[in-house]
Amino acid sequence: MQEKSEATSFLPLNVPLRDGRHVLVREITEDDKAGLLAAFDRLSADARYARFMAAMQQLPEAMLEQATHPSAEREFALVALAAEGKASAIVGGARYAAAPGSDTCEFAVTVADDWHRLGLASRLLGTLIDIARSRGYQCMEGYVLSSNTGMRRLARHFGFADVACPDDATLRVVTLALQACG
Ligand SMILES: CC(C)(COP(=O)(O)OP(=O)(O)OC[C@H]1O[C@@H](n2cnc3c(N)ncnc32)[C@H](O)[C@@H]1OP(=O)(O)O)[C@@H](O)C(=O)NCCC(=O)NCCS
């Protein structure tokens with residue numbers, strides 16, 4: 001097993017989208033709680049279900065706390081911010097997390113409903129894959145609703161294998177090898 005690399009800091013990116021708008025992609029910080037709550041409130045019920053696999057009315061404080069305090073060793077999280085008047089709003093996010101000692105990390109990605117099909121999730125997931133690879137992870141995986149055509153197609157674009165989840169017929173497991181073999 002390849003040694004995991006020291007985490008290097010991630011420099012914010014100015015990302016152009018398909019419609020000509022730009023977003024700023026940067027690491028999440030502890031100051032993003034209010035922005036994340038606002039982003040969650042704007043998500044449709046379908047998008048919430050697709051992301052959390054549960055009907056969620058609110059983002060529990062414990063999840064918010066965890067989301068804004070990723071473990072430096074085992075987790076990494078990005079947010080995408082768009083200008084809204086004089087302020088900015090979180091319009092997308094992506095994260096991975098690994099169990100202690102594991103060389104596999106699990107990803108999740110979410111984009112605000114009114115920012116879909118602009119290439120934002122592609123950019124977030126591509127960046128997340130690059131980071132996980134550079135930090136020595138061997139494999140990235142995700143659990144996706146079988147009905148989530150968009151996420152499954154996006155994962156296939158990046159070369160993820162897409163197989164049935166052995167424990168749950170409503171889910172697929174998408175898996176990507178991050179390091180070249182041999
Ligand atoms: C799935 C999701 C992240 C895609 O975000 P997005 O920013 O719209 O995705 P992109 O614009 O980068 O799309 C990239 C490709 O994925 C595929 N895709 C994305 N959404 C799709 C959809 N609704 N239907 C079909 N294909 C879709 C397409 O091939 C697309 O390329 P194209 O637009 O050139 O055809 C977004 O729909 C979302 O946040 N859904 C709710 C939360 C969720 O399901 N998260 C995944 C759980 S891990």
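The values are calculated or read from the model by the stated rules, or taken from the named source; none is laboratory data. Everything numeric in this text was worked out from a predicted model, so none of it was measured. To get the accessible areas, we keep the full protein, side chains included, count just its heavy atoms, and leave off ligands, DNA and RNA. Shrake-Rupley method; radii C 1.70, N 1.55, O 1.52, S 1.80 Å.
Considering only C-alpha atoms, what is the centroid distance from the stretch 11-47 to the stretch 104-182, in Å?
Centre-to-centre (Cα) distance: 18 Å.
Can you bin the stretch 78-164 into rounded, prolate or oblate? Criterion: square roots of the alpha carbon gyration tensor eigenvalues sorted a ≥ b ≥ c, rounded for a/c under 1.5, prolate for a/b above b/c, oblate for the rest.
oblate
Search the structure for amide H atoms under 5 Å from the amide H of LEU171, placed 1.01 Å from N in the peptide plane, and list their residues when 5 or more places away or on another chain.
SER146, CYS165
Roughly how many percent of the accessible protein surface of the stretch 13-137 is carbon and sulfur, given a 1.4 Å probe and a whole-percent answer?
Ligands and nucleic acids excluded, carbon and sulfur give 51 percent.
Once you have a ≥ b ≥ c as the square roots of the Cα gyration tensor eigenvalues for the stretch 13-137, tell me rounded if a/c is under 1.5, and otherwise prolate or oblate according to whether a/b is larger than b/c. If you can, show how the numbers build up before the last one.
Working: a/c = 1.58, a/b = 1.21, b/c = 1.31.
It is oblate, given that a/c is not under 1.5 and a/b is not larger than b/c.
Scan the chain and note any complete DSSP helix (H) whose C-alpha atoms cover at least 18 Å along its axis and whose Kyte-Doolittle average is 0.0 or more. Provide the component values of the computation, followed by the final result.
Details: long enough: 120-134 (21 Å, 0.84).
Result, helices passing both filters: 120-134.
In Å², what does the accessible area per residue of the stretch 76-169 work out to with a 1.4 Å probe?
45 Å²
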